[in-house]
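Q: Sharing a structure here in structure tokens format.
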Amino acid sequence: MVTNLLKKALLLALFVYLPLQSMGWGMIGHRVVGEIAERNMSKKAKNNVRKLLGESIAMSSNWPDFIKSDPAFKYLDNWHYVNLKEGMTAQQVETHLKQDTTTNAYTRINFLIGELKKPELAQNAKQMYLKILIHLIGDVHQPMHVGRPEDLGGNRIRVEWFNSPSNLHRVWDSQLIEYQELSYTEYATVLNCSSKDQIKAWQKNMAHEWFFESYQIADQLYKGITKPEEKLSYRYNFDHVATMNQQLLKGGIRLAGVLNEIFG
């Protein structure tokens with residue numbers, strides 16, 4: 001009896017704990033986005049970014065998640081996502097994002113781009129802002145970072161991933177990516193095969209369009225969960241890996257475009 005109660009308590013604690021571990025794409029995903037970006041940047045922009053960071057974009061991409069353990073950076077928590085109610089049109093999403101003045105991924109991405117274009121910005125601030133921008137552009141291409149407010153972007157939607165307790169947000173943050181069993185450099189090489197026309201088209205999209213794309217994907221992901229604690233495994237990977245890969249690729253290509261604009 002005591003053992004069963006202990007097991008239930010531990011399981012409940014795990015469900016409470018899991019949402020706190022949501023980290024955008026997770027370490028591998030963010031590094032894939034960063035690596036793809038670096039492979040698609042101009043030589044000048046790449047050199048300027050490397051000089052400022054002191055390391056590759058991929059290795060800088062997870063800094064905003066790593067720093068979460070420092071209370072001094074607690075204010076960054078709301079920068080990683082936008083939660084939008086169900087059933088919004090593209091125009092409604094655009095209007096909401098442009099009129100909403102709260103702290104969220106959209107307002108912060110615009111703020112960071114504006115700050116990084118200022119030649120008088122101090123180097124230490126420029127380095128930190130760049131690391132955050134790299135991370136946030138990756139974040140918003142993870143569909144559940146543009147999810148619904150009532151379930152915290154899928155954090156409260158409990159599922160099982162290959163028979164282990166999880167939630168919809170965590171599956172998309174890291175578990176689906178980790179299932180591919182590729183290093184971030186291998187993954188970037190597999191995905192990095194866009195045509196010049198495709199790159200031009202993706203980089204032409206405005207930031208609010210990135211968010212609406214993720215919002216639409218998130219809507220389909222919500223509809224795909226039809227019962228409590230649904231079991232996800234091989235079929236889920238088969239159905240969604242192409243979408244995940246495209247979002248990783250788009251994130252990298254668009255990040256390259258932004259960094260080319262700022263540092264090129």
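Q: Please count how many residues of segment 75-84 are surrounded by 11 or more Cβ atoms within 10 Å (Cβ to Cβ) and more than 14 Å from the chain's Cα centre (by Cα).
A: Pass one, segment 75-84, residues surrounded by 11 or more Cβ atoms within 10 Å (Cβ to Cβ): 76-84.
With more than 14 Å from the chain's Cα centre (by Cα) added as a condition, the list becomes 76, 84.
Residues flagged as surrounded by 11 or more Cβ atoms within 10 Å (Cβ to Cβ) and more than 14 Å from the chain's Cα centre (by Cα) within segment 75-84 amount to 2.
Q: How many residues are closer than 18 Å to residue 125 by Cβ and surrounded by fewer than 16 Cβ atoms within 10 Å (Cβ to Cβ) when one looks only at segment 95-114?
A: So the count comes out to 4.
Q: Sort out which residues of segment 84-129 are on the phi < 0 side of the Ramachandran plot and among the small types (Gly, Ala, Ser), and write them in order of number.
A: Scanning segment 84-129 gives 90, 105, 114, 122, 125.
Q: Among (1) surrounded by fewer than 17 Cβ atoms within 10 Å (Cβ to Cβ); (2) in contact with a helix residue (DSSP H, G or I) (Cβ under 8 Å, 6 or more places away or on another chain); (3) closer than 12 Å to residue 208 by Cα, which single condition is residue 88 missing?
A: Going through the list (1) surrounded by fewer than 17 Cβ atoms within 10 Å (Cβ to Cβ); (2) in contact with a helix residue (DSSP H, G or I) (Cβ under 8 Å, 6 or more places away or on another chain); (3) closer than 12 Å to residue 208 by Cα, residue 88 breaks only (3).
Q: Taking the condition of a type in the set (Lys, Arg) and modelled with pLDDT of 95 or more, does residue 68 pass? Full working, then the answer.
A: On the way: of a type in the set (Lys, Arg): yes; modelled with pLDDT of 95 or more: no.
Considered against the rule, which asks whether it is of a type in the set (Lys, Arg) and modelled with pLDDT of 95 or more, residue 68 comes out as no.
The values are calculated or read from the model by the stated rules, or taken from the named source; none is laboratory data. Since the model is a prediction, treat every value here as computed from it, not as a measurement. Every residue, glycine as well, gets a Cβ built from its backbone with ideal geometry; the counts of neighbours run over all protein chains shown.
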